[in-house]
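> Let me begin by handing over the structure; questions about it come next.
The values are calculated or read from the model by the stated rules, or taken from the named source; none is laboratory data. Since the structure is predicted, the reported quantities are computational estimates derived from the model, not experimental observations. Cβ placement follows ideal geometry from the backbone for every residue including glycine, while neighbour counts extend to all protein chains displayed.
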Amino acid sequence: MKAALDALRRRWAWIGRHPYVVALCILAIAFAVTPLLDNYALFVVSLVCVYAIFATGYNLLMGYAGQFDVGQAAFLALGAYGSAVMQNSFAMPVLPSLLVGAAVSVLAGLFIGVVVLRLRHFYLALVTLAFSQAVVLVLSLWRDVTKGFQGLPVHSLDILGLGRNVSAYLVIVTFAVLLVTLARNLARSDLGRAFEAIRESEVAAQAMGINLVRTRLTAYAVSAFYGGIAGGLLAVLLSYITPEGFTIFETIKVLAMIVVGGMGSIFGGLLGASLLTLGNELLRFSQFFQEIGFGLLLLVSIIVMPDGIVGLVRRLGARYGRRG
Amino acid sequence: MLAQFVASGIVVGCIYALVAVGFTMIYNATETVNFAVGESLMLGAYFLLTFYKLWALPYPLALLLTLLAAGALGYLVFDRMVSRPLVEATLLTRVIALLGLSTVLKGAARLIWGADAYHLPSPFPTDPVELGPALVTVQELIIVGATVAIVGLLFLFFRFTKLGKAMRATSQSRRAAALMGVNVPGIFALTWIIGTMLSALGGVLLGPLLLVDPDMGHIGIKSFTAAVLGGFGSIPGAIIGGILLGVVENLVAGYIRADFQAIGTFLLLLAVLAIRPTGMFGASLERRV
């Protein structure tokens, strides 16, 4: 058992050493299999990728930087509405409008980051929860711009005349691979270490010369950027958005994803996003089963495996692996 | 008009205060921030709806059954399923678990009662009574009266009974209380039961003023806000915070726009936390490294 695990670990160690090769391989495979996928498969894989981006951004803020934010749906909403409003009111093409949506989301991230700078623990959770409710409210009341509950249509992508589904798939997969690779590098940079340091102890991190204000705000901005891009892409994928699509339930979903996968691990976030998005597709027929499913999963996994699947595997690996 | 807005604000504020008191009790005893408080409020309203409107039981019996059901919910679900397995876990872990629970309860309500909004009838007359410059209804007077009575009873319970003293001792120091022979897990269970009953009662009282639907639980954020306004962990603070929030909300609705209420709540929360990051009377959360 031990020897086999060690051999396995040695054989796959190169993956960790060559992230760009891996990223390019994944991208190449994803592009190559496009003709094999039907419209529904394209949609599901795209959806997995959108949530992978969203979960990665949330994981950087919550898992790495330890900022207990429960208003992540607000960033998704602002990214989606930012780009949709640009398209509808200013006739902007889809790709640039995604960046505008992300910029709106980053601004909101910096705003809420400044607001909660002095807050810790559940106070932070409370304010971000209230913030995300306020955002949904503003989106439903500001009818001149957002058309309220009626919702906004979102233009579809068309690249080289490949059709809307394939185009959306290619763009979303590219964004996902790019942003996740970026997040993996960020987590290993000194900024990533600084995130982990402030998560463990803000006082100790400051004593080590980490600029607390700058690091916390960066964490918010980065996470909001990921949320904003994910929101814009989600809007492209769904082709129609309403304020009800961005309630606390979206935050619960992404929270369940990183808790099930493993908080503070980029791979864990990806794993959770994939598993739960696929699971959600099975439950798509009814809202209450979705709610019960995600809620139960969140509840049970935080009780049974607080570090998620990645933590569970790591614990088993430590028990049976090298030096037992 | 001002007096009218303030009077209606106090009525709603009393309900927020009741819920916030339960919330604060739970926080004091178990150090758990009950993020599912809105859902126990929502279920309270649904329980009464079922017993009183659908089963057509007499109101006192329906109310009693509602409180029993809420107590059972508090004990079986909140205490046994969530709080007890996580008693050693960090505060944030428990918050995540309760967020999960709140989603489950919302889904369960949608499954059982459907997604439609119900009107919860009230047996109390809504005849207006002139009270100085403001007009209030009999129903509103009963809400205020019930709040005063319940808070008074809780005060007497905490002050003069042995169980109440044991509960206060537990919230001061779990360990010392255990050493003095207090059954700490039992106290936790009792706290969850009373806390859930109080929020269910909030739902029962709020139901006739609003509509009852599975998303009603977002009102929970108001009782957090009330608790934060008054300083987390202070029961008199929670009462004052609840009433203050009710009044401010009604002033916003009356003078600006009714749908700006939630934004008003958010801004009030921000304003208080900006001045005092741990609430008006809250203690510092800084810990040593």
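Residues are listed down the side, and each one gets a yes or a no for (1) β-branched (V, I, T); (2) under 21 Å from the mean Cα position of the chain (by Cα); (3) more than 8 Å from chain B (Cβ to nearest Cβ):
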site	(1), (2), (3)
A:G264	no, yes, yes
A:F267	no, yes, yes
A:L271	no, yes, yes
A:L275	no, yes, yes
A:L283	no, yes, yes
A:D307	no, yes, yes
A:V310	yes, yes, yes
A:A318	no, no, yes
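> Among the residues that make up the range A:226-241, is at least one of them part of a loop (DSSP other than H, G, I, E, B) and within 12 Å of another protein chain (Cβ to nearest Cβ)?
No, the range A:226-241 contains no residue that is part of a loop (DSSP other than H, G, I, E, B) and within 12 Å of another protein chain (Cβ to nearest Cβ).
> Within the range B:91-181, which helices (runs of 4 or more DSSP H) (wholly inside it) include 2 or more residues that are of a type outside the set (F, W, Y), under 22 Å from B:M216 (Cα atoms) and within 14 Å of another protein chain (Cβ to nearest Cβ)?
B:91-113
> Follow-up question, since we're still on this one. Report, by residue number, each residue of the range A:128-155 that is under 19 Å from B:I96 (Cα atoms) and touching a Leu at 6+ places or on another chain (Cβ under 6 Å).
Within the range A:128-155, just A:A130 meets the criteria.
> Taking the residues in the range B:209-218 that are surrounded by 24 or more Cβ atoms within 10 Å (Cβ to Cβ) and within 12 Å of chain A (Cβ to nearest Cβ) as candidates, determine which candidate is farthest from A:Q133 (Cα to Cα).
B:P214
> Report, by residue number, each residue of the range A:43-66 that is crowded, with 24+ Cβ neighbours inside 10 Å, of a type outside the set (S, T, Y) and out of contact with any Asp or Glu (no Cβ under 7 Å at 6 or more places or on another chain).
Matches in the range A:43-66: A:C49, A:V50, A:A52, A:I53, A:F54, A:A55, A:G57, A:N59, A:L60, A:G63, A:A65.
> Of the residues that sit in the range A:116-164 and are over 18 Å from B:G264 (Cα atoms) and of a type in the set (S, T, Y), which one is surrounded by the fewest Cβ atoms within 10 Å (Cβ to Cβ)?
Selected residue: A:S156.
> Now for a different question. I'd like to know if the range A:273-284 contains one or more residues that are surrounded by fewer than 17 Cβ atoms within 10 Å (Cβ to Cβ), on the phi > 0 side of the Ramachandran plot and either in contact with a strand residue (DSSP E or B) (Cβ under 9 Å, 6 or more places away or on another chain) or touching a residue at least 60 places away in the same chain (Cβ under 8 Å) (or both).
no
> Then there is this: Quick one: which residue in B:A166, B:A89, B:A56 is out of contact with any strand residue (DSSP E or B) (no Cβ under 6 Å at 6 or more places or on another chain) and either touching a residue at least 60 places away in the same chain (Cβ under 8 Å) or under 30 Å from A:E200 (Cβ atoms) (or both)?
After applying the criteria, what remains is B:A89.
> For B:A176, which of the numbered conditions (1) modelled with pLDDT of 90 or more; (2) over 30 Å from B:E88 (Cβ atoms); (3) among the hydrophobic types (A, V, I, L, M, F, W, C) fails to hold?
Every listed condition holds for B:A176 apart from (2).
> Is it true that A:L179 is within 14 Å of chain B (Cβ to nearest Cβ) and in a helix (DSSP H, G or I)?
no
Per-residue answers, yes or no, for (1) buried (at least 17 other Cβ atoms within 10 Å of the Cβ); (2) closer than 18 Å to A:P306 by Cα:
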position: B:L49; (1), (2): yes, no
position: B:W55; (1), (2): no, no
position: B:L68; (1), (2): no, no
position: B:G71; (1), (2): yes, no
position: B:G74; (1), (2): yes, no
position: B:E88; (1), (2): no, yes
position: B:T103; (1), (2): yes, no
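> Does A:G293 satisfy being within 14 Å of chain B (Cβ to nearest Cβ) and either more than 22 Å from the chain's Cα centre (by Cα) or not hydroxyl-bearing (S, T, Y) (or both)?
yes
> How about the range A:242-262: which of its residues are outside any loop (DSSP other than H, G, I, E, B), more than 29 Å from A:L137 (Cα to Cα) and away from every other protein chain (no Cβ under 12 Å)?
A:G261 - this is the single residue of the range A:242-262 that is outside any loop (DSSP other than H, G, I, E, B), more than 29 Å from A:L137 (Cα to Cα) and away from every other protein chain (no Cβ under 12 Å).
> Among the residues that make up the range B:187-195, is at least one of them within 13 Å of the chain's Cα centre (by Cα) and among the aromatic types (F, W, Y)?
yes
> Can you pull out the residues in the range A:121-132 that are within 7 Å of chain B (Cβ to nearest Cβ), free of Cβ contacts under 8 Å to residues at least 60 places away in the same chain and under 21 Å from the mean Cα position of the chain (by Cα)?
Listed by number, the residues that qualify are A:A125, A:L126, A:V127, A:A130.
> Hey, any hits in the range B:56-74 for a residue that's touching a Ser or Thr at 6+ places or on another chain (Cβ under 9 Å), under 21 Å from B:T196 (Cα atoms), among the polar types (S, T, N, Q) and within 14 Å of chain A (Cβ to nearest Cβ)?
no
> While we're on this one: Looking only at the range B:75-90, which residues are assigned to a helix (DSSP H, G or I) and within 11 Å of chain A (Cβ to nearest Cβ)?
Scanning the range B:75-90 gives B:V77, B:M81, B:V82, B:S83.
> In the range A:296-305, which residues are farther than 13 Å from A:M263 by Cβ and facing chain B (nearest Cβ under 7 Å)?
Those that are farther than 13 Å from A:M263 by Cβ and facing chain B (nearest Cβ under 7 Å): A:L296, A:L299, A:I303.
> Suppose we keep only residues that are assigned to a helix (DSSP H, G or I) and farther than 24 Å from A:F267 by Cβ within the range A:187-208. Which one would you say is farthest from the chain's Cα centre (by Cα)?
A:A207
> Quick test of your reading of the structure: A:F249 fulfils all but one of (1) more than 22 Å from A:T146 (Cβ to Cβ); (2) at pLDDT below 95. Name the failing condition by number.
Among (1) more than 22 Å from A:T146 (Cβ to Cβ); (2) at pLDDT below 95, the lone unmet condition for A:F249 is (1).
> Now for a different question. Has the range A:93-112 got any residue that is away from chain B (no Cβ under 11 Å), farther than 24 Å from A:L24 by Cα, over 23 Å from the mean Cα position of the chain (by Cα) and not in a helix (DSSP H, G or I)?
yes
> Hey, another quick one. Looking at the range A:88-115, which of the residues that are over 30 Å from A:I159 (Cβ atoms) and free of Cβ contacts under 8 Å to residues at least 24 places away in the same chain is surrounded by the most Cβ atoms within 10 Å (Cβ to Cβ)?
A:V115
> Sticking with this one: Just to be sure I understand the filter: pairs with C-beta atoms under 7 Å, separated by 6 or more residues or on different chains, first member in the range A:133-152 and within 11 Å of another protein chain (Cβ to nearest Cβ), second member not in a helix (DSSP H, G or I). Which pairs pass?
A:V136/A:T247
> Quick one: which helices (runs of 4 or more DSSP H) sit completely within the range A:1-91 and have at least 1 residues that are modelled with pLDDT of 90 or more and among the hydroxyl-bearing types (S, T, Y)?
A:39-58, A:72-90
> Could you give every pair whose Cβ atoms fall below 8 Å, whose first residue belongs to the range B:244-272 and is within 11 Å of chain A (Cβ to nearest Cβ), and whose second residue is polar (S, T, N, Q), counting only separations of at least 6 or pairs across chains?
That search, which allows pairs on different chains as well, returns B:A262/A:Q133; B:T265/B:T225; B:F266/A:Q133; B:L268/B:T225; B:L269/B:T225.
> Considering only the range B:219-235, I want to know if a residue exists there that is over 19 Å from A:A134 (Cα atoms), assigned to a helix (DSSP H, G or I), more than 10 Å from chain A (Cβ to nearest Cβ) and at pLDDT 85 or above.
Within the range B:219-235, one or more residues are over 19 Å from A:A134 (Cα atoms), assigned to a helix (DSSP H, G or I), more than 10 Å from chain A (Cβ to nearest Cβ) and at pLDDT 85 or above.
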